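Please treat every number below as a calculation from the coordinates, not as lab data. Model, not experiment: these values are computed from the prediction. In this analysis, Cβ positions are derived from the backbone assuming ideal geometry, glycine residues included, and neighbour counts consider all displayed protein chains.
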Amino acid sequence: MRVLRAFQFGDHGLSNQELSERTGIPKSTISRLTFTLLELGFLAHASRNDKFRPGPGLLALGQVANDAMPFVQQNRECFQKIADDTNSLVLMLAREDNALMIISAVRPTGRVGRTFDVGHRLPLVGSSSGHAFMATMEDAEFETLLPDLVEEYKTPEDQIRSLRAKAAEDIFNHGFHFAPTEGYFNTIIKAVATTLYSRDLAQQVAISCVVGRNARSDAELSEFVGPKMLRELDGEHQSLNFLDLSASHQSV
């Protein structure tokens, strides 16, 4: 899986050396893994060079996954309304190891783009979505994850705890979290985020509205975008098969 996750939008194939650099797996091991993935159809190999690209087997697997998660499409109408009303990119994210992976991305009508698309990963430390997600994790789960976060993000334990506590306070008081741009993983965007429990996935997910750094003031994000997102989600909890987590994690 680490090999397949190494591919990103815009890649025109990756060599064994490049895959080794992205995954941290020795090149000799990568060579064996790419051979196996090639045989299974999950990778394709252009004979004119030594680069691999995702193969047809992944496309088929992706279609199976898409059919198994119809709720992603069921959410689209609600997310589209939020995107249009707030002129923001609306994301739904689920945890994958020490990061959050985008499983739905809805842009305002008429807008196109490939940044922050499905499959893209956002950090747990350094993003509004990540901080909100940590804030509503069970304490035991967070404590188990914490050492990995310290190592992954090179951030002191007490700082991560502080980020989590601030997000928990925001969610308790306002229903959503807005991480300050200082220390944010991406300097050209900002976002508000909340979390819900997805019965379909049997796990919590983050919902986030993302805008360009200069597209909205901090006050507009806090006083308009965040509340608008919450109102739409509150009205759709049952039909979207979500549970509200904000009231059940107030002890952080």
- Taking amide hydrogens as modeled 1.01 Å from N in the peptide plane, which residues meet the under 5 Å criterion relative to Thr195, leaving out close sequence neighbours? Ile207
- Query: Which percent of the Cα-Cα distances in the chain go past 30 Å?
  - Reply: 32 percent
- Query: If we sort 212-223, 126-137 on the protection proxy, mean other Cβ atoms within 10 Å, highest first, what's the order?
  - Reply: 126-137, 212-223
- Length added when fully stretched, Asn214-Asp200, from 0.36 nm per residue minus Cα-Cα: 1.5 nm
- Task: Write out the GluC sites (Glu not before Pro) in segment 115-194 meeting two conditions: DSSP loop, and at most 15 other Cβ atoms within 10 Å of their Cβ.
- Result: Glu138, Glu182
- Toy charge model, Lys and Arg Cβ at +1, Asp and Glu Cβ at -1: segment 2-63 dipole around Cα centroid in debye, rounded to 20, equals 60 debye
- Karplus 3J(HN,Hα) series, Hz, for segment 87-104 with 6.51 cos²θ - 1.76 cosθ + 1.60 (x for Gly, Pro): 6, 9, 7, 9, 10, 10, 10, 10, 6, 9, 6, 9, 9, 10, 9, 6, 10, 7
- For Ala44, the residues 5 or more places away or on another chain with a placed amide H closer than 5 Å to its own amide H are Arg53, Gly55
- If you place +1 on the Cβ of every Lys and Arg, -1 on the Cβ of every Asp and Glu, and leave all else neutral, what size is the dipole of the chain about its Cα centre, to the nearest 20 Debye? 980 debye
